[in-house]
Amino acid sequence: MISLTSSDPSALSVDALVVIVAQRDGTPVPLGGRVPPFVAELLADAAALGVTGALDEVRKAPAPGATARVLVLAGAGPEQQVDGESLRRAVGAATRELAGLSSAAVVLPVEDLPTLRAVAEGALLGAYEFDRYRSADPSRAPLGAVQVVTGLSGTHAQAELTRAQVVSQAVHATRDLVNTAPNDLYPEAFAEAARTAVKGLRGVKITVLDEKALAAGGYGGLLGVGQGSSRPPRLVKVAYSAGRTKRSVALVGKGITFDSGGISLKPPADMDEMKSDMAGAAAVLSTVVAAARLGLKVSVTGWLCLAENMPSGTAQRPSDVLTIRGGTTVEVLNTDAEGRLVLADGLVSAVEEKPDLVLDIATLTGAQMVALGRRVSAVMGTDEVRDQVVAAAGATGEQFWPMPLPEDLKAGLKSKVADLANVGERWGGMLLAGLFLAEFVGDTPWAHLDVAGPAFNARPAYGYTPVGGTGTGVRTMLAVLEGHAARS
Ligand code: BES
Ligand code: MN
Ligand code: ZN
């Protein structure tokens, strides 16, 4: 819950009062015209409090000049560099630290709508806890209600709060799916979760293809990857139609509910993190839900490519040949390069409906993390769409970096027996995966988002990002959709 208040922050009966602090010439200064005077007095001895204003720093102090039980000073870094994302991070770090309390007030550091958006998003994104498998622990319960102390009011300000609420619920839902154990979230269970997520949403239609329907439709990628598991694959289509709009966007998500590697088995170290290999599909589902809840004037169709990649007597073998929907044959040389196989089916299905634009999102390659680390995602594709994604990400505070699709690397995907092999040489592995996917989009404007690193945060929590599923991609894809909605 988030709301606006123009009351004197020192008189608010809340558990915590949050003030953003930036660094000016090496000293911490509180931001915002409504910061109560006692805060500046306290900061006169900032060193003793351990307050520097550095990004991600959260310090708590008594609040003798306020009704609140505690004053929280959240660092946003050097003042000249303060932007939407550093504010989002600062506020998110603060609300994350306030788990167990029921209410907080945040002083808006700058009185404008973009700042309100950042602060509201940060506050809500930081107030997250995945407690499904834990005994009840009130001290870890996410912060309950947040009031933003500001002179802003009226419909535009309220609309920002509503949007922040929808966005953060979408991110939280994505994190929940990623964090759910794979013995509970297998393809059929994911499809059921999708049905539940869209229940009652206006303009949204859901279709689930089970293994029989997949066989009838020629979805060889999903079937090949899923055949080693006792829990069969699914293709879920979630379509939101905005009525009269002409523009349509398709979103395709990799939904490997667990990636053991299959017969090309992964090493045991960190294999547990492969429960997050469905993060793309989770982000797609949540983005469609958010688009519908916001009533965006753009049609969006999400495709969730769900399978479990397991080794067994029925599993596919290296050297098996699959026929992807549409007829392209693929020789499976490494069963651990499974994401591209299920995405190929999803991309072909998406493109059949002639959308104006296709985005796919996947925890696709370890090479993504080698290239860009754990916090920066990669985007490849048609120049214009790729650049749209980079711009949209920049505006939302997610980090996506453009990567090329060099034609000459394509030779590496040659197969001795089929149209394509699913792996080639190791070098440029992320780009090669992108080139493989490009074979299935024809000339539809398209971008491929590889979120292998950023989708899952092994440790530690930082800013508004918890340990575990992060919800990466939701805000960027939603921003792309908003961009297209504005045009139609
Ligand atoms: N899901 C993995 C990629 C991954 C690795 C995501 C680590 C997040 C963290 C993917 O299915 C995979 O196994 N890719 C292989 C491809 C290779 C066999 C060409 C990889 O990157 O090693
Ligand atoms: Mn794999
Ligand atoms: Zn995988």
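The values are calculated or read from the model by the stated rules, or taken from the named source; none is laboratory data. Predicted, not measured: the structure shown is a model, and the values here were computed from it. Glycine gets a Cβ as well: all are built from the backbone with ideal geometry, and neighbour counts include every protein chain shown. Each accessible area value is taken on the protein alone, full model and side chains, heavy atoms only, with ligands, DNA and RNA left out. Shrake-Rupley method; radii C 1.70, N 1.55, O 1.52, S 1.80 Å.
Exactly one of (1) out of contact with any Phe, Trp or Tyr (no Cβ under 7 Å at 6 or more places or on another chain); (2) under 21 Å from S312 (Cα atoms) is unmet by R231. Its number?
Every condition holds for R231 apart from (1).
Can you tell me which of R231, R247 is over 26 Å from L357 (Cα atoms) and more than 19 Å from the chain's Cα centre (by Cα)?
Exactly one residue qualifies, and that residue is R231.
What is the number of the single condition among (1) buried (at least 24 other Cβ atoms within 10 Å of the Cβ); (2) within 18 Å of Q165 (Cα to Cα); (3) out of contact with any Pro (no Cβ under 7 Å at 6 or more places or on another chain) that A105 does not meet?
So A105 meets the others, but not (3).
Which one of these does L87 not meet: (1) farther than 25 Å from R140 by Cα; (2) crowded, with 21+ Cβ neighbours inside 10 Å?
(1)
Within the stretch 288-340, can you find the residues that are more than 15 Å from ligand 3 (Cβ to nearest atom), closer than 20 Å to G442 by Cβ and basic (K, R)?
Hit for the stretch 288-340 is R325, nothing else.
Hey, could you check the stretch 321-337 for residues that are within 18 Å of G434 (Cβ to Cβ) and in contact with a Lys or Arg (Cβ under 9 Å, 6 or more places away or on another chain) and say which is least open to solvent (accessible area, probe 1.4 Å)?
V330
Check every one of the strands (runs of 3 or more DSSP E) wholly within the stretch 366-455 and list those with 3 or more residues that are within 16 Å of the chain's Cα centre (by Cα) and surrounded by 21 or more Cβ atoms within 10 Å (Cβ to Cβ).
Result: 377-381, 446-450.
Would you mind telling me which numbered condition in (1) without any contact (Cβ under 8 Å) to a residue 40 or more places away in the chain; (2) open to solvent by 60 Å² or more (accessible area, probe 1.4 Å); (3) in contact with an Asp or Glu (Cβ under 9 Å, 6 or more places away or on another chain) E188 fails?
(1)
Take the residues in the stretch 290-335 that are farther than 25 Å from S168 by Cβ and among the basic types (K, R); name whichever of them is nearest to the chain's Cα centre (by Cα).
Among them, the one singled out is R325.
Where residues in the stretch 150-164 are within 11 Å of S6 (Cβ to Cβ) and loosely packed, with under 14 Cβ neighbours inside 10 Å, which of them is modelled with the highest pLDDT?
Within the stretch 150-164, the match that is modelled with the highest pLDDT is G151.
Step by step: first the residues of the stretch 257-296, then only those that are more than 10 Å from ligand 1 (Cβ to nearest atom) and of a type in the set (S, T, N, Q), then the one that is surrounded by the fewest Cβ atoms within 10 Å (Cβ to Cβ). Which residue is that?
Here the answer is S286.
Could you check Y128 against (1) in the same structural domain as D259 (by TED's automatic domain parsing); (2) surrounded by 24 or more Cβ atoms within 10 Å (Cβ to Cβ) and say which number it fails?
All conditions are met except number (1).
Take the stretch 456-473 and flag every residue that is within 16 Å of the chain's Cα centre (by Cα) and open to solvent by 10 Å² or more (accessible area, probe 1.4 Å).
Answer for the stretch 456-473, where residues must be within 16 Å of the chain's Cα centre (by Cα) and open to solvent by 10 Å² or more (accessible area, probe 1.4 Å): F456, N457, A458, A461, Y462, Y464, T465, P466, V467, T470, T472.
Which of (1) within 14 Å of ligand 3 (Cβ to nearest atom); (2) closer than 19 Å to T196 by Cβ does L285 not meet, given it meets every other one?
The one condition L285 does not meet is (1).
Name the one entry in A118, A94, A90 that is within 18 Å of the chain's Cα centre (by Cα) and assigned to a helix (DSSP H, G or I).
Within the list A118, A94, A90, the selection yields A118.
Can you find a residue that is surrounded by fewer than 24 Cβ atoms within 10 Å (Cβ to Cβ) and assigned by TED's automatic domain parsing to the domain that holds V300 anywhere in the stretch 249-256?
No, every residue in the stretch 249-256 fails to be surrounded by fewer than 24 Cβ atoms within 10 Å (Cβ to Cβ) and assigned by TED's automatic domain parsing to the domain that holds V300.
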